Amino acid sequence: MQISNGVKEIKNINKVSLAKITALIYGLVGFFVSLIVAILVMSNIIINRDFAGSVILVTLFNTGAGLLLGILAALLTALIGWMIGYVTAGIYNIFATKAGGIKIELVDVAEIKKERNIIEANKNQL
């Protein structure tokens, strides 16, 4: 049994759909990068004793500031990601109509599993 679905072409990408996914990815990355930066800054302040007061207060303050920075960075990078995704989908759609879309080959997973089961059953009968 030969499985051949042929080559498919992505002719159009929904702009809002790509923008949502891009915003989520950018927001998540922005949050974690900003938290890493906040932790590194806080560590540097504590290691160099570049503060006045207790270490606990400095740590709590910088943890709160780091979380706030993380949330703000996530929102900002998500907004940027949304805009980039929207514009990218629009540009892709323009080029896809003129030069053709991305070509991909799709295979039905259920058919592959069925074929493997048939092969295994034939091997067991021998």
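The values are calculated or read from the model by the stated rules, or taken from the named source; none is laboratory data. Keep in mind the model is a prediction, meaning the values are calculated, not measured. Every residue, glycine among them, receives a Cβ derived from its backbone with ideal geometry; neighbour counts consider all protein chains shown.
Could you tell me which numbered condition residue 115 fails, if it satisfies all but one of (1) of a type in the set (Asp, Glu); (2) at pLDDT below 80; (3) assigned to a helix (DSSP H, G or I)?
(2)
Does any residue in the stretch 88-101 that is within 15 Å of residue 9 (Cα to Cα) come within less than 7 Å, Cβ to Cβ, of a residue that is of a type in the set (Asp, Glu) six or more places away or on a different chain, and which pairs are these?
Pairs that qualify, where the first residue is within 15 Å of residue 9 (Cα to Cα) and the partner is of a type in the set (Asp, Glu), are 100/9; 101/9.
Which of the residues that make up the stretch 40-59 are among the aliphatic types (A, V, I, L, M) and either surrounded by 14 or more Cβ atoms within 10 Å (Cβ to Cβ) or not in a helix (DSSP H, G or I) (or both)?
The answer is 41, 42, 45, 46, 52, 58.
Given the criteria touching a helix residue (DSSP H, G or I) at 6+ places or on another chain (Cβ under 8 Å) and within 30 Å of residue 6 (Cβ to Cβ), does residue 77 qualify? Spell out the reasoning first.
Values: touching a helix residue (DSSP H, G or I) at 6+ places or on another chain (Cβ under 8 Å): yes; within 30 Å of residue 6 (Cβ to Cβ): no.
For residue 77, the condition - touching a helix residue (DSSP H, G or I) at 6+ places or on another chain (Cβ under 8 Å) and within 30 Å of residue 6 (Cβ to Cβ) - is not met.
Any idea how many residues of the stretch 7-20 are part of a helix (DSSP H, G or I) and either of a type outside the set (Val, Ile, Thr) or surrounded by 14 or more Cβ atoms within 10 Å (Cβ to Cβ) (or both)? Can you show your working first?
Let us first name the residues in the stretch 7-20 that are part of a helix (DSSP H, G or I), namely 15-20.
In the following step, the residues that additionally are either of a type outside the set (Val, Ile, Thr) or surrounded by 14 or more Cβ atoms within 10 Å (Cβ to Cβ) (or both) were identified as 15, 17-20.
Looking only at that region, the number is 5.
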